[in-house]
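The values are calculated or read from the model by the stated rules, or taken from the named source; none is laboratory data. The shown structure was predicted, so the numbers you read here are calculated from the model rather than taken from an experiment. Here the Cβ positions follow ideal geometry from the backbone for every residue, glycine too, while neighbour counts run over all protein chains shown.
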């Protein structure tokens, strides 16, 4: 049992941070909470993903909501199948206690409701409860809690209003509320926390009604996915993507900020925003498994941004479609090894491949007959943007110094070809095909290594794992010698134990520069499958599928030496590629990038 550690404390004592693999996520589409194995929720932003955290203990700010056994315990837990409803479970010296927890789903953009249901499963349960919310990443003071009924308290911090239905034994303190809860075997207790930036409803909600609505909503949101090669993991990945997707269709790249990719190297960023690329990956994964809600959300959000910004499409936005705020520091201790950054410099970048990914997304929707007139007009804007800007240097998928990155141009080729193939009779088809030929010819002339593989840029002869994806998406036909040479170069230069690194930074061993990228491992599985080697594809898939935390969540990187997750959590694009790969591997090797369905087999525009 964790009873001491560095960092800020709630009124019940400090809650030290844990390894990322030990955290679980609750999410309702509008915001997310991270729960440690000690039952402490140390991360929750309100009212929306990118707003200030009201529970900021994870990055060294004040604010925690904990339910923890008062005696020594061994932690565990699991998600209920196809949901983000979590059951934290502790085996104590006297028995077993569970805490069922969820954010009421689907979420309200202004008001979150966090549900926790305690139950003494076997033997008595003795728990400590701490509620110490502080808005603005812990910097806002908390007004003295006010009791309004039996076990009901109202609190205010910053501009947020909270109401907590808790145990009658709760007592107020200088920093929140604490309680000691004793349950006899079989006994239970509901805790309901509301937090809103507008006035709360007059009547406090009933826990039973909220649980029932949440269970029904998750049941409708996540399909069975029994026709994938890993149905359980596919359902969890789908649930994560749905939990990260707001009512307006935008899906955040991750629920957190400032969790380091590499300790003390400054590589920690705020990912609580919608990357066009990541959103497109999720939409394509949804198309691969035939689920329409996530696909339609992605199409709607990306199309709206193209209609607003056209060729000046930003790489990322808030879930409300607003510009990403610039990067700043909070002057907090940060997660160990990291820094306390919010905002992101991505707002100043140009990423050409975003237009190609948008076209791939629209093509996936068109193949399913789900691209309406607004979507087609957005696709036309993306095509025009590629025509105008494909010669410009850009920051690329890895957001580095501006170059003529090969991946960016080949992704545009893939998107143009996919759209033309999805609707060969559409007036844009000919334009797309001709533009794809033009971009490909120019890229071939300057970006093929003497050994035959695609190189990163005209002046950079190294291979890059991102170069696997355009071929998977159909930029080139299966069996193209440059595709096969790129696969071989990735195996030779970037692979270790069926994990894949992005690229070589310098002469250091790969693992000394960064962790293996799980996105790249799943891309390798897709590439091997498309090139006709299902055995190799399965090896890559299974190896990277196993690189999750205890709750089945994936971060961006996996540290092979320490077997640890690195970076923000959970990383949406990793879950998207897992979901898509689980679907593709159930089909025949090779074939079309849409899983074998070609233009004419499905309705098109």
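Annotations
- All conditions but one from (1) assigned to a strand (DSSP E or B); (2) farther than 24 Å from residue 28 by Cβ apply to residue 144; the one that does not is (1).
- Among (1) farther than 25 Å from residue 502 by Cα; (2) part of a helix (DSSP H, G or I); (3) touching a residue at least 24 places away in the same chain (Cβ under 8 Å) - the single one residue 438 does not satisfy: (3)
- Members of region 240-255 that are part of a loop (DSSP other than H, G, I, E, B) and either without any contact (Cβ under 8 Å) to a residue 12 or more places away in the chain or under 9 Å from the mean Cα position of the chain (by Cα) (or both): 244, 252, 253, 254, 255
- Residue match in region 5-22 (condition: out of contact with any helix residue (DSSP H, G or I) (no Cβ under 8 Å at 6 or more places or on another chain), assigned to a loop (DSSP other than H, G, I, E, B), modelled with pLDDT of 95 or more and within 19 Å of residue 334 (Cβ to Cβ)): yes
- The sole residue among 356, 375, 337 that is in the same structural domain as residue 436 (by TED's automatic domain parsing), more than 26 Å from residue 414 (Cα to Cα) and more than 20 Å from the chain's Cα centre (by Cα) is 337.
- Strands (runs of 3 or more DSSP E) completely within region 38-102 that count 1 or more residues being surrounded by 24 or more Cβ atoms within 10 Å (Cβ to Cβ): 40-45, 53-55, 64-69, 86-92
- Of the helices (runs of 4 or more DSSP H) contained entirely in region 501-605, those carrying at least 2 residues that are over 17 Å from the mean Cα position of the chain (by Cα), at pLDDT 95 or above and surrounded by fewer than 21 Cβ atoms within 10 Å (Cβ to Cβ) fall at 534-545.
- Of all the listed residues (183, 155), the sole one being modelled with pLDDT of 95 or more and either closer than 19 Å to residue 55 by Cα or surrounded by fewer than 17 Cβ atoms within 10 Å (Cβ to Cβ) (or both) is 155.
- Test: residue 387 is in the same structural domain as residue 435 (by TED's automatic domain parsing) and more than 17 Å from residue 305 (Cβ to Cβ): yes
- In the set 167, 109, only one residue is out of contact with any strand residue (DSSP E or B) (no Cβ under 9 Å at 6 or more places or on another chain), surrounded by fewer than 23 Cβ atoms within 10 Å (Cβ to Cβ) and either modelled with pLDDT of 95 or more or assigned to a strand (DSSP E or B) (or both); that residue is 109.
- Some residue of region 287-300 being in contact with a strand residue (DSSP E or B) (Cβ under 9 Å, 6 or more places away or on another chain), outside the structural domain of residue 102 (by TED's automatic domain parsing) and surrounded by fewer than 17 Cβ atoms within 10 Å (Cβ to Cβ): yes
- Filter pass, residue 401 being assigned to a loop (DSSP other than H, G, I, E, B) and under 25 Å from the mean Cα position of the chain (by Cα): yes
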